[in-house]
Amino acid sequence: MTTEQVVHYRDLSAEYLRKAKLHLAEDDLTQASEKGWGAAAEAVKAVAQERGWRHEGHRDLWQTLRALVEELGDTELRLDFTHAQSLHVNFYEAAMNREEVEEYLQHVERLVGKLHSLV
């Protein structure tokens, strides 16, 4: 639960979001997708770490999201994280077009902004 670890996750999240935008600009949709997922996941880890919650895998990340939705009454968090998870799937499936990846990254950016404000 160290501040250093929280900062590490938050900074990594910001870096992944930056890289997602660069990959999108290069039309590398699978890498943009995976970096978008990474940005969201690391932002959730930052909040979980700060609160002393588990964050070892996808199940733990969803538990954190559920707790935050309940605590904050902000259901957009769940919607945005679902979009991030879809980007993760797109990394493996390459099924989304540029417009979809760009739209989903906007959800990730909103999620990351909200979560960063909590740590």
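Could you work out the relative contact order of the range 3-116, using alpha carbon pairs under 8 angstrom and six or more residues apart, expressed as a whole percent?
It rounds to 33 percent for the range 3-116.
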> By how many nm would the segment from L79 to E103 lengthen if fully extended, with 0.36 nm per residue of separation less the alpha-carbon distance?
Replying inline: 7.4 nm
> Just one of (i) 18.8, 58; (ii) 14.4, 46; (iii) 13.4, 40 is Rg and Dmax of the Cα atoms in Å calculated from these coordinates, so which is it?
Replying inline: (iii)
>> Quick check on the range 1-60: take the gyration tensor over C-alpha atoms, sort the square-rooted eigenvalues as a ≥ b ≥ c, and tell me if it's rounded (a/c under 1.5), prolate or oblate.
In response: oblate
>> For the pair E15/E93, report the inter-label distance in nm, with labels modelled 7 Å from Cα in the Cβ direction.
In response: 3.0 nm
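Okay, helix-only estimate at 222 nm for the chain: each DSSP H run of n ≥ 4 adds -39500 (n - 2.57), divide by all residues, round to 500 deg cm²/dmol; what do you get? Intermediate values should be presented prior to the final figure.
Values: 5 runs with 98 residues, N = 119.
About -28500 deg cm²/dmol.
With Cβ to Cβ distances under 11 Å as the rule, what net charge do the other residues near M96 carry (K, R +1; D, E -1)?
On the way: positive: R98; negative: E93, E99, E100, E102, E103.
Within the 11 Å Cβ shell, the charges total -4.
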> Points 7 angstrom from Cα along the Cβ direction at H8 and S117: gap in nanometres?
Replying inline: 2.8 nm
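Taking the Cα centre of the chain as origin and charging only Cβ (+1 Lys, Arg; -1 Asp, Glu), how large is the dipole, in debye to the nearest 20?
In total the dipole reaches around 340 debye.
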> Which GluC sites (Glu not before Pro) in the range 16-119 pass both tests, a DSSP loop state and at most 12 other beta-carbon atoms within 10 Å?
Replying inline: E26, E56
>> Using the Cα centre of the range 3-116 as origin and beta-carbon charges of +1 (Lys, Arg) and -1 (Asp, Glu), tell me which of T30, L12, H88 is placed farthest towards the positive end of the dipole.
In response: L12
> If a helix is a whole DSSP H run, which ones in the chain reach 24 Å or further along their own axis (Cα) and hold a mean Kyte-Doolittle hydropathy of at least -1.0?
Replying inline: 3-25, 29-51, 76-93, 98-116
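No value in this document is a laboratory result; all are computed from the given coordinates. Just so it is clear, the model here is predicted, and its values are computed rather than measured. We place every Cβ from the backbone using ideal geometry, glycine too, and count neighbours over all the protein chains shown.
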